[in-house]
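Read the structure below first, then the notes.
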Amino acid sequence: MKKSNKQVVAFDIRNYSEMRCPMHGLLSLLTGPWTTYILWMIRLNGTLRFGQIKKQMPTISAKVLTERLRMLEDAGIIVRHQEASIPPKVSYSFTQRGHELEVLLDQINHLATQWSSNESAEGFNFTCDAKSNKLD
């Protein structure tokens with residue numbers, strides 16, 4: 001069995017696509033597993049702690065959530081804040097680049113809401129109330 005010598009490299013949206021297409025790079029980032037939902041949670045709630053995000057996404061493993069958060073941080077979309085306390089308090093919020101995605105996330109939410117309420121939307125059987133994802 002041959003071992004792979006591939007090295008894991010941090011996500012850099014500028015170099016991601018072999019085609020060097022900015023759209024491909026952005027879509028590859030946003031369509032990664034759980035990524036858009038993590039962004040939506042931060043969009044709705046602002047700064048969130050790791051545990052708050054995990055609680056809203058009970059089927060995601062801590063490892064995968066950590067990987068997704070690091071990828072978004074490496075891409076400059078979120079920033080990680082860590083308080084020097086025991087246990088450490090880690091929270092995540094949007095950078096300026098993340099705030100630029102808010103309009104897009106809102107439009108996706110609007111379309112999803114429209115499709116879910118449209119009886120003629122065959123194959124789209126998804127219901128979600130954005131308010132249910134807002135933390136109090």
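Nothing in this text is a laboratory measurement; each read-out follows from the coordinates by a stated rule. Owing to the predicted nature of the structure, the values given are computational and were not obtained by experimental measurement. Here Cβ is always computed from backbone atoms with ideal geometry, including for glycine, and neighbour counts include all displayed protein chains.
Using a ≥ b ≥ c from the Cα gyration tensor of region 57-119 (square roots of the eigenvalues), is it rounded, prolate or oblate, where a/c under 1.5 gives rounded and otherwise the larger of a/b and b/c decides, a/b for prolate? Note, shape of region 57-119 comes out prolate. The length gained on full extension between Asn45 and Ile108, counted as 0.36 nm times the residue separation minus their Cα-Cα distance, comes to 21.0 nm. Using the Karplus relation 6.51 cos²θ - 1.76 cosθ + 1.60 with θ = phi - 60°, the per-residue 3J(HN,Hα) values for region 36-43 come to 5, 5, 4, 4, 5, 4, 5, 4 Hz, with x marking Gly and Pro. A Förster radius of 30 Å, combined with the Cβ-Cβ distance separating Ile86 from Val64, puts the computed FRET efficiency at roughly 0.70.
Hey, if you put +1 on the Cβ of every Lys and Arg and -1 on every Asp and Glu Cβ in region 60-109, which of Ile60, Val103, Val79 ends up farthest toward the positive end of that dipole? It is Ile60, whose Cα lies furthest towards the positive end.
Under 5 Å from the amide H of Lys89 lie the amide H atoms of Glu83, each residue being 5 or more positions distant or on a separate chain, with H modelled from the backbone and absent for Pro and chain starts.
Full-extension gain between Ser116 and Gln52, please, as 0.36 nm times their residue separation minus the C-alpha to C-alpha distance.
Numbers: separation 64, 0.36 × 64 = 23.04 nm, distance 2.65 nm.
Taking Ser116 through Gln52 to full extension adds about 20.4 nm, to one decimal.
With distances taken between every two different alpha-carbon atoms, region 17-75 has a Kirkwood hydrodynamic radius of 12.2 Å. Model label sites at Glu73 and Leu26, defined 7 Å from Cα along the beta-carbon direction, differ in position by 2.5 nm.
Taking the mean number of other Cβ atoms within 10 Å as a proxy for protection, how do you rank 36-46, 52-62, 74-84 from highest to lowest?
Numbers: 36-46: 18.9, 52-62: 13.5, 74-84: 15.1.
Answer by packing, highest mean first, reads 36-46, 74-84, 52-62.
Here the Karplus relation 6.51 cos²θ - 1.76 cosθ + 1.60, evaluated at θ = phi - 60°, turns the backbone of region 85-97 into coupling constants of 9, 10, x, x, 9, 10, 9, 10, 8, 6, 8, 4, 4 Hz, with x for every Gly and Pro. Once backbone amide H atoms are built at 1.01 Å from N, Ile78 has Glu73, Thr95 as its partners under 5 Å, excluding neighbours fewer than 5 places away on the same chain.
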